[in-house]
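**Q** Mind looking over this structure? Questions follow.
Only the coordinates and a few stated rules stand behind these numbers; no lab work does. As the structure is a computational prediction, the values presented were derived from the model and not from experiment. Heads up, the Cβs are rebuilt from the backbone with ideal geometry, glycines too, and the neighbour counts pull from every protein chain shown.
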Amino acid sequence: MQKILIVTAENGWFAQGKFPWESMDIERIKRRLESNNKIVNVTTFQFLKDNIASLKDYIIIYTSSQRLEHKYYIQDIMFLLKDNNTLIPNYESLLAHENKGFQSLLDKKYNLGLIKSEYYCDICEVKNIKNLNYPLVYKSVNGASSMGVKKVHNTEEMYKYVKQPCSISLELLKRKLKKYIFKSKYNHQWEKYLSFAQQRFIIQGFIPDLQYDFKVLIFGKKYYLLKRFVAENDFKASGSGLHSRNIGSDLKIVLDFARGIKNKFRSHIYSLDICVKNKEPHLIEFQMTHVGPVTLSESDHYFIYNATTNNWEKVFSLSSLEDEFSNAVEEYINESDSYSA
Ligand SMILES: Nc1ncnc2c1ncn2[C@@H]1O[C@H](COP(=O)(O)OP(=O)(O)OP(=O)(O)O)[C@@H](O)[C@H]1O
Ligand SMILES: [Mg+2]
């Protein structure tokens, strides 16, 4: 029988419920998976660390974190477990979470249809590129609700965003004091060394005149859609709060495109931001773990692909996040079996 570990963080928390600080109902997921003939134990990252050398042939279900240090900690632990166990999410999905730079690399590997993007760690890498086609979109690698997403019209503007420090650390403050006040302690070479790669970011092609984008969640066979309109005098739909379930004429384009992504990159769940320009779909960004669930949990319907008709069926039914999550995990595990057979 398959052995499953569900890994929770502090206080039995498993991300995410409606908000990042809300947990899913783990007992419900556990019961669902057990009823499908699996041995399921709920455990902690501490248990994984304690048994890092011996854990083998487990299916380990865990989630990432939107707290950066926490995420790096999870990455370290899961890295050493990934070769001998089935990780859900897989390790690439974990690295892609809240990391638009890694997403752009995954796009290069799997051809996911991301808007043309390049990943950098320093502005000097951009300096050498001739004929940049402005306007472009600058995105810090990490930043939800469209914070850190800026339209840039020229190199000067790009410099401004890259150089803008996100936060002032004590370490940075000390270095500035040495530079300007305690000058004898200032080490120019050390400063020069540290000045490279202060911020990772991507530069993405800008798709003009979008009125809306689409949030698509895929949980197993079920596809959920939300249309998000851009706010007035802005180009960003995410964070505008202007939503509709009335998808309109782009419906099939978006669903077919989302299904194509599912076929190219294996994951248990998907959250895709998609836009359509002149009937051409593009991927804006994606997450495969720790996804915001309201597109699913507040929907009274979902879409299912019918292979016989090559069309999409709209099914009216409410969805439970935990049940759909369990179904998605189940589907992923079954497909993993058939892959390894
Ligand atoms: N390359 C682009 N061209 C045109 N519009 C874009 C582009 N990239 C992003 N946008 C717009 O900006 C919004 C925010 O972008 P993106 O999804 O990359 O940022 P985010 O901060 O991760 O947002 P969230 O996590 O809330 O979805 C998108 O919803 C879209 O409307
Ligand atoms: Mg987004």
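**Q** In nm, to one decimal, how far is the Q75 label point from the D50 one, both placed 7 Å along Cα→Cβ?
**A** 2.7 nm
**Q** In whole Hz, with x marking every Gly and Pro, tabulate ³J(HN,Hα) for segment 269-275 from phi via Karplus 6.51 cos²θ - 1.76 cosθ + 1.60, θ = phi - 60°.
**A** So the J values, rounded to whole Hz, are 10, 9, 10, 10, 9, 10, 10.
**Q** Which one of L272, L68, L172 has the biggest mean-square fluctuation once the chain is modelled by GNM with Cα springs under 10 Å?
**A** Largest GNM mean-square fluctuation: L172.
**Q** Sorting T295, T289, T43 on the 10 Å Cβ count, fewest up front, what's the list?
**A** Arranged by neighbour count, lowest to highest, T295, T289, T43 become T43, T295, T289.
**Q** Sticking with this structure for a sec: List the pairs from K30/K236; K30/K56; K49/K163; K108/K279; K38/K262; K150/K314 whose alpha-carbon separation is above 29 Å, in the order I gave them.
**A** Among K30/K236; K30/K56; K49/K163; K108/K279; K38/K262; K150/K314, the Cα-Cα distance tops 29 Å for K30/K236; K49/K163; K150/K314.
**Q** Which of K277, K163, K176 ends up with the largest GNM mean-square fluctuation for the chain, with Cα atoms connected below 10 Å?
**A** Per the Cα network of the chain with a 10 Å cutoff, K176 tops the list.
**Q** Right, something else. Whole-Hz Karplus ³J(HN,Hα) for segment 36-52, in order, using 6.51 cos²θ - 1.76 cosθ + 1.60 and θ = phi - 60°, x for Gly and Pro?
**A** Per-residue couplings from phi come out as 9, 6, 10, 8, 10, 10, 8, 9, 10, 5, 4, 4, 4, 4, 5, 10, 4 Hz.
**Q** Given the options K236, K227, K38, which has the most mean-square fluctuation in a GNM of the chain, springs set between C-alpha atoms less than 10 angstrom apart?
**A** The residue with the greatest mean-square fluctuation here is K38.
**Q** Something else now. Scan around Y212 for amide H atoms under 5 Å from its own, H built in the peptide plane at 1.01 Å from N, and keep only partners 5 or more places away or cross-chain.
**A** Under 5 Å from the amide H of Y212 lie the amide H atoms of V230, each far enough along the sequence or on another chain.
**Q** Now, a different point. How much net charge surrounds V137 when only other residues with a Cβ under 9 Å from its Cβ are counted (Lys, Arg +1; Asp, Glu -1)?
**A** Once positives and negatives cancel, what remains is +3.
**Q** Also: Name the long-range amide H neighbours of V152: under 5 Å, sequence gap of 5 or more, or other chain; modelled H, no Pro or chain starts.
**A** Amide H neighbours of V152, under 5 Å, 5+ apart: L136, V137, Y138.
**Q** Along the Cα→Cβ direction, 7 angstrom out, place labels at W21 and K130. What is the inter-label distance in nm?
**A** 5.3 nm
**Q** So what's the back-of-envelope 222 nm ellipticity for the chain, counting only DSSP H runs of four-plus at -39500 (n - 2.57) apiece and dividing by all residues, rounded to 500?
**A** -9500 deg cm²/dmol
**Q** Please state the shape class of the chain: rounded when a/c is under 1.5, otherwise prolate if a/b exceeds b/c and oblate if not, all from the C-alpha gyration tensor.
**A** Cα axes put the chain in the oblate bin.
**Q** Need the full-extension length gain, N246 to N263, defined as separation in residues times 0.36 nm minus the C-alpha distance. One decimal, nm.
**A** Length gained between N246 and N263: 3.5 nm.
**Q** Using the Cβ atoms and a cut-off under 14 Å, what net charge is assigned to the surroundings of Y159, where Lys and Arg are +1 and Asp and Glu are -1?
**A** Net local charge, Y159 excluded: 0.
**Q** Quickly work out the D83-to-S317 label distance, labels modelled 7 Å from Cα along the C-beta direction, and quote it in nm with one decimal.
**A** A separation of 4.2 nm, rounded to one decimal place.
**Q** Can you tell me the length gained on complete extension of the stretch E280 to K183, counting 0.36 nm per residue apart and subtracting the Cα distance?
**A** 29.2 nm
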